[in-house]
Amino acid sequence: MSAQKGDGIPARFKEALQQTEEKRDAKFVANLFRQGAHLTNLGGDHGNDAAEFWKAYLNQFGEVHSEFVSEVVGESSAALEWRSRGTMADGRPVDYRGVSVLDFDAEGVTGFRTYYDSAMFVRTGA
C-alpha cells in the first residue's frame, strides 16, 4: 500500500508541472502542495507560498518544458531528475538539468527542494 502512496504524489507532481509549463498557470502544480509546505532552490528559501514560488518560476521563461529522466521514490520522499528546455523571458535559449526532492504524505507535497545547473541563468557581457 505505501508503494502506491509513494508513486502517486511524485507521478501527480510530474504531470502537474508539465501542465503548469504548457498552460502557463501555476495552479496545476501549486495545488499539490499542502498548506505550510516549505520550498527552496538555489536562490534560497522561498517560504511556504507554493503559488508564488511557481509563478516566479514561470516568469523566468518565455516558454519551458521539463522532461523527467529518472526518479528514486520512497514512502514519503522522491528525487526526480529532469531536463528543462525552452527560452528565458528575454528570448535566450535555455537547456539545463537538475534534481528536485519532494517530501510528501498521502495528502500532498509537504516540502520541495530543487538543485540545478545555474549557469544558464547567468548573463554574460554588458
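Checked against (1) loosely packed, with under 15 Cβ neighbours inside 10 Å; (2) in contact with a helix residue (DSSP H, G or I) (Cβ under 7 Å, 6 or more places away or on another chain), G91 passes all but condition (2). Within region 21-33, restricting attention to residues that are more than 10 Å from the chain's Cα centre (by Cα) and of a type outside the set (D, E), the residue that is farthest from N48 (Cα to Cα) is K23. Tell me, which residue of region 56-80 that is surrounded by 14 or more Cβ atoms within 10 Å (Cβ to Cβ) and charged (D, E, K, R) is farthest from A11 (Cα to Cα)? Per the criteria, the residue is E63.
Tell me the residue from G98, G86, G125 that is modelled with pLDDT under 95 and small (G, A, S), please. Steps first, please.
Numbers: G98 fails: modelled with pLDDT under 95; G86 fails: modelled with pLDDT under 95.
From the options G98, G86, G125, the qualifying one is G125.
For region 16-48, which positions are in contact with a strand residue (DSSP E or B) (Cβ under 7 Å, 6 or more places away or on another chain) and assigned to a helix (DSSP H, G or I)? Matches in region 16-48: L17, Q18, E21.
Counting only strands (runs of 3 or more DSSP E) that sit wholly inside region 49-126, those with at least 3 residues that are in contact with a His (Cβ under 9 Å, 6 or more places away or on another chain) are 77-88, 108-116. Before we move on, is V72 among the β-branched types (V, I, T) and farther than 16 Å from Y116 by Cβ? Taking the combined requirement at face value, the residue satisfies it. For region 1-52, a tally of residues being in contact with a helix residue (DSSP H, G or I) (Cβ under 6 Å, 6 or more places away or on another chain), at pLDDT below 90 and among the hydrophobic types (A, V, I, L, M, F, W, C) returns 1. Taking the stated definitions as given, is G86 at positive phi and surrounded by 15 or more Cβ atoms within 10 Å (Cβ to Cβ)? Criteria met by G86.
The values are calculated or read from the model by the stated rules, or taken from the named source; none is laboratory data. Every value quoted in this text rests on a predicted model; they were computed, and no experiment measured them. Here the Cβ is made from the backbone with ideal geometry for all residues, glycine too, and neighbour counts use every protein chain on show.
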